[in-house]
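The values are calculated or read from the model by the stated rules, or taken from the named source; none is laboratory data. Not measured: the values here are computed from a predicted model. Cβ placement follows ideal geometry from the backbone for every residue including glycine, while neighbour counts extend to all protein chains displayed. The protein model used for the area step is the full one, side chains on, heavy atoms only, and it has no ligands, DNA or RNA in it. Shrake-Rupley method; radii C 1.70, N 1.55, O 1.52, S 1.80 Å.
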Amino acid sequence: MKIVVFDLDDTLYEEITYVHSGFYAVAMYLLERFDLPTDESMKIMLSVLKSKGRGQIFDSLLSHYGKYSKANVKECLSVYRSHDPQIHLYEDSVKCLEQFQKMGTPLYIVTDGNKWVQYRKLQALGLYDHPAIRKCYISRRFGIKNEKPSPYCFMQICAKENVKPSDVVYIGDNPHKDFVGIKPLGFKTVRILRGGFADIQKSAEFEADITIKTLDELWKKEITHAIPNRQPLGWQKS
Ligand SMILES: [Mg+2]
């Protein structure tokens, strides 16, 4: 039986919904702490995100209210990272997990990022103890050097399942790091076009074997063929 491994952010759920959920937690914290209006805080954070991207959002927010200090920024960051996220799996992710569960396909998750943040996301989505998922690898737990593109977690999965890399399929959204490290070892790769990387085009070594727009496409004939039969020949570039 083939092994299927999923990325988390923007593969199984929409990552921006986590950001919004975190902003709301920060807005609620500022309401309690300084009596600052939640709606205005949300508006500011969303507009800074749009204009300047991530990185300085809480600095800008606190400066706007005359509350800037390094300690307050740190506090907002900690509220953001430690909040219980209000996030949901994509509809096709739910169906896909159910389908693989029915087929008895061993499933795994490999995700990069802050250990606690990723853990809370997995918990909130019901994936951490999901009956169909054998293990969620939060790669940072094994050191930053073992985050993607490192094949470390993927090789752990091969060892655990006693399979070859060519028996493992990885489904992810980020062409910068999801495929380039594991493809040379023979892992099969599927890129899902969603989230912030959907329009990014990279050279062949960074690209996946096949590209899909939704997880429903995994049940298309030429793709399903490859999954239960361990036939790498069934994998076509799109
Ligand atoms: Mg991702």
Q: Kindly list the number of the only condition in (1) in a helix (DSSP H, G or I); (2) within 16 Å of the ligand (Cβ to nearest atom) that fails for residue 155.
A: (2)
Q) Does residue 59 satisfy being closer than 21 Å to residue 82 by Cβ, more than 16 Å from the ligand (Cβ to nearest atom) and open to solvent by 20 Å² or more (accessible area, probe 1.4 Å)? A) yes
Q) Has the stretch 150-169 got at least one residue that is polar (S, T, N, Q) and open to solvent by less than 20 Å² (accessible area, probe 1.4 Å)? A) no
Q: Please name all residue pairs, on different chains or six or more residues apart, with Cβ atoms under 6 Å, provided the first residue is in the stretch 16-39 and is within 12 Å of residue 80 (Cβ to Cβ) and the second residue is of a type in the set (Gly, Ala, Ser).
A: 27/41; 30/41
Q: Assess whether residue 129 counts as being surrounded by 17 or more Cβ atoms within 10 Å (Cβ to Cβ), over 16 Å from the mean Cα position of the chain (by Cα) and modelled with pLDDT under 95.
A: no
Q. Do we find a residue being within 30 Å of residue 170 (Cα to Cα), aliphatic (A, V, I, L, M) and open to solvent by less than 20 Å² (accessible area, probe 1.4 Å) anywhere in the stretch 14-22?
A. yes
Q | Any chance residue 11 is farther than 30 Å from residue 164 by Cβ and either within 16 Å of the ligand (Cβ to nearest atom) or under 21 Å from the mean Cα position of the chain (by Cα) (or both) | A | no
Q) Across the stretch 188-238, which residue is modelled with the highest pLDDT among those that are outside any loop (DSSP other than H, G, I, E, B) and among the basic types (Lys, Arg)? A) 191
Q | Which numbered condition residue 186 misses (of (1) surrounded by fewer than 16 Cβ atoms within 10 Å (Cβ to Cβ); (2) more than 16 Å from the ligand (Cβ to nearest atom); (3) without any contact (Cβ under 8 Å) to a residue 12 or more places away in the chain) | A | (3)
Q. Would it be correct to say that residue 90 is surrounded by 14 or more Cβ atoms within 10 Å (Cβ to Cβ) and either under 29 Å from residue 165 (Cα atoms) or modelled with pLDDT under 95 (or both)?
A. yes
